[in-house]
Every structure is written in structure tokens, then in C-alpha cells.
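Novice: Take this structure first; my questions come after.
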Amino acid sequence: NGLYELRQAYRTYNSDKEKEWNKIHEDKPYKEEKLQCAFICSGERDALCCRSMGFLPLWFNSETYQLSVEEYKEIMKYVDVLYNIPDIDDTGRE
């Protein structure tokens, strides 16, 4: 959950930046930039809180979900840093 919104934020960010770039650098092509960061949250309430503070949350159906290499690579196409915010229970600490 949240990957669609992350992609959209990336596209919107770069579309806006490209418009600004083209006003100043008409002769040079724009190079897309990554977003600063995204957060893996342990559930939808944590994700809502994260989003309310202006950050981009991602969350899975279970805290024990194992992010695949392909999923990680896809996320990292859009952000420089990926933070994980687990719960403080035994599962989250593990």
C-alpha cells in the first residue's frame, strides 16, 4: 500500500521541477530527481500519521511481510532514503 501514491508524487515532483528547469535552461535536458525519502510503516494508522506530517508512507498487510529485492528496487527508483518504522512490540523489535 502506498506505492501508487509514491509513484504519483515522484511524477508530480519531477513534472514541476522540469517546468522550472525549462524556463531557465532551454538548451539542456532535464534529469529526473528522486524524492528525499519514504517510510515503511507497520499499519494504516501509522501510515496516516506519517502522511499527515507530509511524508510518504508505505505499508504492508503484515508487519512480518518480507520486502522482495524487486519491490525494494522499485521503491528506490523514486526515493534516496527508505526508513522503516516498526512497532515496539516483540515482532517489531525482531
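The values are calculated or read from the model by the stated rules, or taken from the named source; none is laboratory data. Computed from a predicted structure; not experimentally measured. When we count neighbours, we look across all protein chains shown, and the Cβ atoms used for this are built from the backbone with ideal geometry, even at glycine. Each accessible area value is taken on the protein alone, full model and side chains, heavy atoms only, with ligands, DNA and RNA left out. Shrake-Rupley method; radii C 1.70, N 1.55, O 1.52, S 1.80 Å.
Novice: Convex hull over the alpha-carbon atoms of the range 11-50: what's its volume per residue in Å³?
Specialist: 77
Novice: Quick one: Debye curve from the alpha-carbon atoms of the chain only, equal weights, vacuum; give me log10 I(q)/I(0) at q = 0.14, 0.21 Å⁻¹ to two decimals.
Specialist: -0.57, -1.03
Novice: Arranged from highest to lowest average of other beta-carbon atoms within 10 Å per residue, in what order do the peptides 26-33, 73-80 appear?
Specialist: 73-80, 26-33
Novice: What is the gain in length, in nm to one decimal, between TYR13 and GLU32 on full extension, counting 0.36 nm per residue of separation less the C-alpha to C-alpha distance?
Specialist: Once the chain is fully extended between TYR13 and GLU32, it gains 5.9 nm.
Novice: Over the chain, average the accessible area per residue using a 1.4 Å probe and give it in Å², no decimals.
Specialist: Solvent-accessible surface per residue comes out at 77 Å².
Novice: Using Cα-Cα distances under 8 Å and only pairs 6 or more residues apart, what relative contact order does the chain have, in percent?
Specialist: The normalised contact order for the chain reaches 33 percent.
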